[in-house]
Each structure stands twice: as C-alpha cells, then as structure tokens.
Amino acid sequence: MKVGVDYYPEHWDVSLWEQDAWQMREAGITIVRLAEFAWSRLEPAEGKFEFAWLDQAIGVLARHGINVVIGTPTATPPVWLTHDYPDVLPVDNKGNAIFAGVRLHRCYNSPSLRKFGERIIEQITQRYAPNPAVIGWQTDNELAANDCHCESCTRSFRGWLQRKYGSLETLNREWGTVVWSGEYSDWDQVTTPRGGSPYLNPSFLLDFRRFSSDAVADFNRFQAALIRKNSPGKFVTHNLWGYPVTADYYDMFDSMDFASVDYYPATDLLDDSKSRMYHGALTLDLTRGVKRKNFWVMEQLSGTPGCWYPMSRTPFPGMIRAYAWQSVSRGADAIVQFRWRSARIGAEQFWHGLLDHHGVPGRRFEEFVQFSQEAQKLAPLLEGTTLKHDVAMLFSHEQMNAFQIQPQADGFDYLGNFKRVHSALLKMGVGADVINWRDDFQGYKLVIAPMLYLIDGTIAATLKQYVDNGGTLVLTTRSGVKNLNNVCLPDRLPNLLTDLAGVYVDEYDPVGKDIQTLNLDSGEELSSGQWCDILTPVTAETIATYASEYFANESAITRNAHGKGVVYYVGTVLHETASQILMRRIASDAGVECEFELPDGVEVAVRSSEERRILFVLNLTREPKEILLPVRDYVSALSDRRLPASSIILGPGSVEILVEENATAASVA
C-alpha cells in the first residue's frame, strides 16, 4: 500500500524543495509523480535539453526516502513545437486548428508529435532509467480520443477503412451510403466527418470514433515501447480520466502494466452539472476491470475543485479520508493525492491541493496525514488482497459511442442507466466486476449485460454458452438492435438474442421522462421511464406487467429457462427503488449473497486473499448512519477492537475496516 502526492517542483522556488520533501516524509508520503507537464522546462528550445533541475528535484526527494514516478510530457507540447511544426495541433471539424489552451493540444497522428515526442521520451528514459529512486513511468496524461480532422488524420482514417473493408464497394454496402446519395466512387472522396453535422451516416460516425480510439491506443503503445526499451523492469501505467470518453480504455491499456485513474468525487453531493460528471464507485470498479486486477489512483481529491468553471464545495470533514479508503476498498494499491501545494500560477490556481496557497497545514492536510498513517499500519494486512465477485457487469465503449451518436429517448443515457443497475447492487452490498463485454465471463454466477445495442454472432454465442452452462444472465431493453457496423438488424428485437431470451419485442415506446408503472408478480409496484418494450413471451414467463398507458397488462419483464441457466429480459428502464427490488430478487435466485440493505451514501466492499477477508464499511455522507452487519466475528483493523456481530454507527465521513475472524476467501460473495 503506497501513499503519495503529485508535485510540480518547476512551479516553485528551489528553496522550497527541501522543506517540501521533509514535510512529505513526515506525512508518510513515499512516492511522488512529477514532470508530466514539464516539456518546456526539459527542452526549452528545439534540441536544447535541460535536466539539471529535474536531477536536483529527484535527488532532494530521494534523500528523504521518496520514490518517483515520471510522467512523459507529451500532453503539453511546448510553444516552440506548436509554432514551428503546426501539424502537431489538432484540427476541428470546420478545418480550424485547435491552438494551445489548457493542455492536450496535440494530434496523435502528427508526424512531428511522433518525431519530437520520441526524442524527449528517449532522453528522459535513458537518463533516469538507472536512477533507483525512479520506480516507474506514467505515459502522457489523461489520454482521450481527439476529434481531429487534419490531413494526417484524414490519410490515416482512409487507410484504416481500407484495411477494414478492403474495397469501396464493401464500404458503401456496409455503411448504407446509398441513403441521401452518399455513395463513394473514389477513395480520395473519403474524409473524416467534417462539418459537425449530427445527420451524418451513423455507421460513418461510429467508425470514425473507433479510428480515433485506435489512434490513442497506438500512441500509448508507441510510448510504452520506448519506455520499456530504455527502462526495462520498471512499470508503465497511465492515468485514465473517468467516463464517458470516446476512447476504448480496454484497447488503450493493453500496453500498460496496470491501470491508474484520476478520481475526483463530487464535493457538492447534489444533482448539479459537476456532480453528474462523476460516478463514484462505478469509476473505481471500471478502472479495476480495465486490466482485471488492482490499480493505482494517480490523482485523488485533496481540496476544492475549480478552474475554468465555478469552484465546488470544500470537502467536508472526513471526506478526503473516506474517499481515499473507498478507492482502496475497490482495489487501489496506491493513493496519490492531487496535489501537494495549491498552484499560485496558471489555469489551475483554484484546484486546491493538500496545502493552500499560504502553505500552512490545515484541516485537510491533517486528515490526509491520518489516512497516510492508517494506510502505513494496514499495508501488511492489505498486501496480496484483491476483490473477488460472483457478479459481472459487461461494459462497452462501442455501445456508449453508438448511443451518443443516435440518442434513443429523452433522458436515455448509457452510462447513467449502467450506473443505476450498479448502484442497486451497491445498496445490497453485492460487489461486481465491471469488465469488457468481449472478455471471458464464464465463471460468474450472475452476468448483467445491459443495452447490447450492437450485437454479432460471436457475442450472442458466448452469452448462450454461459447460460447453457448454468449462468444467470440479465438482458435489457435496446439489446440486439444493430450489427457492429451500426446498421439495424432485420428481424424482431432482440434479433440474435430472441431465442436465448425466449421473448420478442412486439412494439416499443420511447416514453422519455413520462413515468410508467409496473406490477411485479410478487405484488410490488415498480416505476420506470425512458423506454418501454412491449414484450411477447415465446418460451419465457412474465414476471412483471405494465400497469399504465395503452400497453397496460402487457409483459414488461420476463424470465426464461435456457439450458442449465436462466435469462431475464428487462424491457424498460427501472427507477432507482424498482431496480433495487428486481436486482435483489435476481441476485438471490442466482445464489449471490445479498447480506446488506445499506442506507443511502453507505458502501461496503471486501478485499480478500487466501488468508484473510477484510470488510470496508464507509459512510460517504455528511450525516451519521447505522449499518446492520452480517452475523460474523470481526476485529477492527483501525482500533484492534473486537466487534461483536451487530450494528455499527458511523459518523459523517467515517470509515470502519473489519477483519473477519475464521473467514476464508471462498466465502466472498
């Protein structure tokens, strides 16, 4: 278990470095990430390299026992590079160059970016690979797919399509370009989707997003190869920015040793524009699922966020510590706080760090120190532990991109609807592995595959194999609509999944924000919105019917026995409470332990190994909460106090970490 900070020595007078390093060591910090935005200081002019300052900074940290992760600086090309080699800059869909702003002003397909990026990475890695204080590398910073339309991207996109389709005849057929006279007669006519019109061919738009995602993944592989050549034996990672993004993280991280994430939970805790950006536990579960193993948090909330938009609330007392432990509870093996000192210069002056502009430690700093001390104490206990679950949720960047290209109904959002099901599991204390929809999921008791809008025979066969072998599968509305080229399939929905689900969609209604009601066969009344499939069971049984509108008494949710397993089809988007009711029933029937009924804002998670099982209980709210515990014997890892099986009361932002006595990893649900 490692604790660190992000530090920018180039922003501060050298006279502060020694004091900062001493104070970091006293706070229990053992790692620092640096240099990811320092290209202009490392190479102030073309071919002129200056490393003395970074040598000195690393040396100061190393003398205090602090290790270093170096970030490659390609996220911020310096002014000399963008001025002298303008092909580095991305071009928008109107043909205008996107000039340097905050950062990320570069095209991944730019020959100049590759040339000069390779040179600076070679220089850094060759210089610091032998340094024992440098333990690993971060590529770039928060990579995301550019919507770039420069000449390099146009040529690369054209080549990408030629490799995929082989001929213009095939491309025209697979995209359906006959609509609106969009057929191509020469490859030179094929460009990126210029102009920004939302009416462009959806197959064209989805392929461009795939191409843009592939360009990011290739750029990351390019950097990883350089690093490994010059710095063998040291890890390579990247710090992903949450969701939604166009880039497919599963491809982007195939060249990384493990995933890292930048995690900034919303401090406002209300349904405002900022809080809707963040997805809490889902972000952490998604990150763990990228490589299907433990991860790092390379930037963790330390203070009030705010830059080019209004500042959010200051983290309430306990929040910094609680959310750091939340990250650990969901698989983080390192917590790196952003940032050490709040910036006094530049665009991020009001994205606060552990120390405010005056540099005097305060409440937030002391709270971080508490977490740091606790993490140091528990490090031996956490060593070798991870999360093991009976439930998997299948996530797909392709589905998310397709839904963004063609919104299905008012309020219909792939990530939001995914989060609603994930949150229902959280309320029951049921952990889930959020994994790539193309990964192997055969070993789980319950697999939830929401909104499989794009489908092909391969994934349909894999789902069938899983169910036939005894698995429980949950399908939802908007499944089996299109093929992978974003073209509607010809049969009744859910097309390739009809036999498996034992039901077909007779008609559908994009009800948007109109609230609908359902009657569950067990007597509960449920509510839903966004979309309603009116279902006709074939071999499936109806477990819920609509109770509103013209489709009252029609099937809304079905259950179908298939092979040794079971398939549920949920034909509408259930509201929060309704989703919890249904998911508890499905999980219980699948043999998944549902041991909790948690208050709002309370989470539990289990990390385990063959020797131990550790239960994290976190109150992420501003109010005290009472939590009923399963009947087991616990010892608090924080206080060493024996806790009889009962309930516990956690204050605002409080955490309890419980070691289950006589527990084995086999008992993990």
Just the residues that are within 23 Å of the chain's Cα centre (by Cα) and surrounded by fewer than 23 Cβ atoms within 10 Å (Cβ to Cβ), please, taken from the range 454-471. Ile455, Ile459
One residue is enough: does the range 128-139 have a residue meeting the conditions over 23 Å from Leu61 (Cβ atoms) and under 30 Å from the mean Cα position of the chain (by Cα)? no
Just one of the numbered conditions (1) surrounded by fewer than 23 Cβ atoms within 10 Å (Cβ to Cβ); (2) among the charged types (D, E, K, R); (3) touching a helix residue (DSSP H, G or I) at 6+ places or on another chain (Cβ under 7 Å); (4) closer than 15 Å to Glu36 by Cα is not true of Arg158; which one? (4)
State whether one or more residues within the range 58-65 are touching a residue at least 12 places away in the same chain (Cβ under 8 Å), assigned to a strand (DSSP E or B) and either in contact with a strand residue (DSSP E or B) (Cβ under 6 Å, 6 or more places away or on another chain) or not hydrophobic (A, V, I, L, M, F, W, C) (or both). no
Can you tell me which residue is surrounded by the fewest Cβ atoms within 10 Å (Cβ to Cβ) among those in the range 80-125 that are within 24 Å of Val68 (Cα to Cα) and under 27 Å from the mean Cα position of the chain (by Cα)? Arg103
Evaluation of Leu496 against (1) more than 30 Å from Val179 (Cβ to Cβ); (2) in contact with a Gly (Cβ under 7 Å, 6 or more places away or on another chain); (3) crowded, with 19+ Cβ neighbours inside 10 Å (one fails), failing number: (1)
Pick from the range 421-446 the residues that are farther than 13 Å from Val602 by Cα and polar (S, T, N, Q): which of them is surrounded by the most Cβ atoms within 10 Å (Cβ to Cβ)? Asn436
Applying the selection to the range 86-109, what residues are in contact with a Leu (Cβ under 8 Å, 6 or more places away or on another chain) and either closer than 15 Å to Ser40 by Cβ or among the small types (Gly, Ala, Ser) (or both)? Val88, Ala97, Ala100, His105, Arg106
Members of the range 559-618 that are over 25 Å from Thr545 (Cα atoms), outside any strand (DSSP E or B), out of contact with any Lys or Arg (no Cβ under 9 Å at 6 or more places or on another chain) and not small (Gly, Ala, Ser): Lys564, Glu593, Glu595, Glu610, Glu611, Arg612
Collect the residues in the range 418-446 that are in a helix (DSSP H, G or I) and of a type in the set (Phe, Trp, Tyr), keeping them in residue-number order. Phe418
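Laboratory data are not the source of any read-out in this text; all were calculated from the coordinates shown. Treat the numbers as computed from the prediction; the structure is a model and nothing was measured. So basically every Cβ, Gly included, is an ideal-geometry build from the backbone, and we count neighbours across all protein chains shown.
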